[in-house]
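Heads up: the structure comes next, in structure tokens.
The values are calculated or read from the model by the stated rules, or taken from the named source; none is laboratory data. Since this is a predicted model, take the numbers as computed values, not measurements. Here the Cβ is made from the backbone with ideal geometry for all residues, glycine too, and neighbour counts use every protein chain on show. To get the accessible areas, we keep the full protein, side chains included, count just its heavy atoms, and leave off ligands, DNA and RNA. Shrake-Rupley method; radii C 1.70, N 1.55, O 1.52, S 1.80 Å.
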Amino acid sequence: MIVYNLFPLLAGRFPVWVQHIERVAAMGFDWLFVNSLQRPGASGSIYSIASYFDLNPALIDPTDPRPGEEQLRSIIAQARDSGLRPMTDLVIDHCAADSQLVSEHPEWLAFDSAGALIHPSFEDDGNKVVWVDVAQFDHRGTADPEGLYDYYLAIVRHLLGLGFEGFRCDAAYRVPAELWRRLIADTKTERPDTVFVAETLGCSPWATLATAGAGFDYVCNSSKWWDFRSPWLLEQRELVGDHVASIAFPETHDTPRLADEQGGNPNALKLWYLFTALFSAGSLMPIGFEFGFRRALHVANSRPEDWETPSVDLCQFITVVNRLKASQPIFSEESRVIALPSSNPSVLIMWRGSAGLGQEALLFFNTDFWRDQYVEVGNLRAYVQSDRPLVDVSPEVQMDFIALTPFSYLLRPGQSLVLVTPS
């Protein structure tokens, strides 16, 4: 999956999406992920859903005589015609605290001993953050488990009926695995090609594995927070990668903008995009990354007026990287990854190998976004298992001839080398 996240509050009403779809398809993405489109509660957060079967009024074109659902189906059809498979959020951990479900089906929701709604919460640097605008579904203690399950299945069928083919399952780790197992199995019985992606950010590898075991096709990994040195990311990959494919990303709607974190340095944006594209079977990029946007996406407050004047234009670079990922089979699976010794601590050298494909890749990343860095390897052949030739498929500068013994290269700031053997 090479996923573009079209954040609906920034993109605006459905007719405007056409121009984005054309750009996204031209860059070589194959999935279009749009966050929750359902009608939100009073907070305005798209993850505080008041009505699962009504669309967010802010996205419907009031000048179009067609109902909102028909407007959405039309834009989804255009995305599919452009080669983009559409997916959206599936939010079944909680609903809006002011949803009619609270009064109509209190048996589906969790209450404390004083009779107050339980709001989901999480720990942030030791501080407890409570989402007071949402109410927790009572997955394990509900007096009507079948009624609640049938409601979830109806939501899935409704979204599939709108034209979506996949789901990013929000806070998937907070929903019992047995519920996911049943919901995924029942959905795939009716629509076998439906893709389920588990949002597992903040989970331990063991919790991620437990969630993935419910039948998810992909999980989200934590590569965005890696420092290019610590062993934890590769250790997590060893634990999880043999069981489920993962999706990496340089930023999401839940994180700060990378351009803001890196002072607008385009070298950093390029390296991070290439790294996340080649690290995992799947990759995701949110709207605006290609233009170096610095204003973080907000689940309630983002508006089309927040569209920024581009500081860079990485569309061509992203196009080349996406084509590279799609053309080399090793980058479309969750193959083994090892960090190799490097003569320069600023240069990360990684090996990827696929036993099934018989293909290997050597990746050199200059993690210094401001200065050239020199790297030298005594015998490059010692870093690969087979005797097949290495070919340079790097996205920008490529070598016609690779001197194996010794191998040396001066990497520009943020530059990467991608060497592969034939599959």
Item to check | Neighbour-limited loop hits for trypsin sites (Lys or Arg not before Pro), region 125-227 (at most 13 other Cβ within 10 Å; DSSP other than H, G, I, E, B) | outcome: 140
Next on the checklist: Taking the alpha-carbon distance from residue 128 and a cut-off under 27 Å, which lysines remain once sequence neighbours fewer than 8 residues away in the same chain are dropped?
Outcome noted: 224
Checklist entry - How large is the charge dipole for region 146-292, taken about the Cα centre, if only the Cβ atoms of Lys, Arg (+1) and Asp, Glu (-1) carry charge, to the nearest 20 debye? => result 120
Next on the checklist: Just the number please: accessible area per residue for region 277-423, 1.4 Å probe, all protein chains included, in Å².
Outcome noted: 43
Checklist outcome for this item: Share of accessible surface on carbon and sulfur in the chain, whole %, 1.4 Å probe and ligands ignored, is 52
Checklist outcome for this item: Percent antiparallel among DSSP beta bridges confined to the chain, rounded to 5, stands at 60
Item to check | Mean projection area, nm², convex hull over Cα of region 202-269 | outcome: 5.2
Checklist entry - Across region 331-336, in residue order, what do the Karplus-derived ³J(HN,Hα) couplings come to in whole Hz, using 6.51 cos²θ - 1.76 cosθ + 1.60 with θ = phi - 60° and x for Gly and Pro? => result 8, 10, 9, 8, 7, 5
Next on the checklist: If you wrap a convex hull around the alpha carbons of region 39-107, what volume per residue comes out, as a whole number of Å³?
Outcome noted: 107
Checklist entry - Given the protein chains as shown and a 1.4 Å probe, how many square angstrom of residue 111 are accessible, to the nearest 10? => result 80
Item to check | Heavy-atom surface of region 148-208, accessible at 1.4 Å and reported per residue (Å²) | outcome: 36
Next on the checklist: Given region 80-173, report the % of alpha carbon pairs whose separation exceeds 19 Å.
Outcome noted: 50
Checklist entry - About its Cα centre, how strong a charge dipole does the chain have in debye, to the nearest 20, once Lys and Arg get +1 and Asp and Glu get -1 at the Cβ? => result 960
Next on the checklist: Solvent-accessible area of residue 229, probe 1.4 Å, all protein chains present, reported in Å² to the nearest ten, please.
Outcome noted: 150
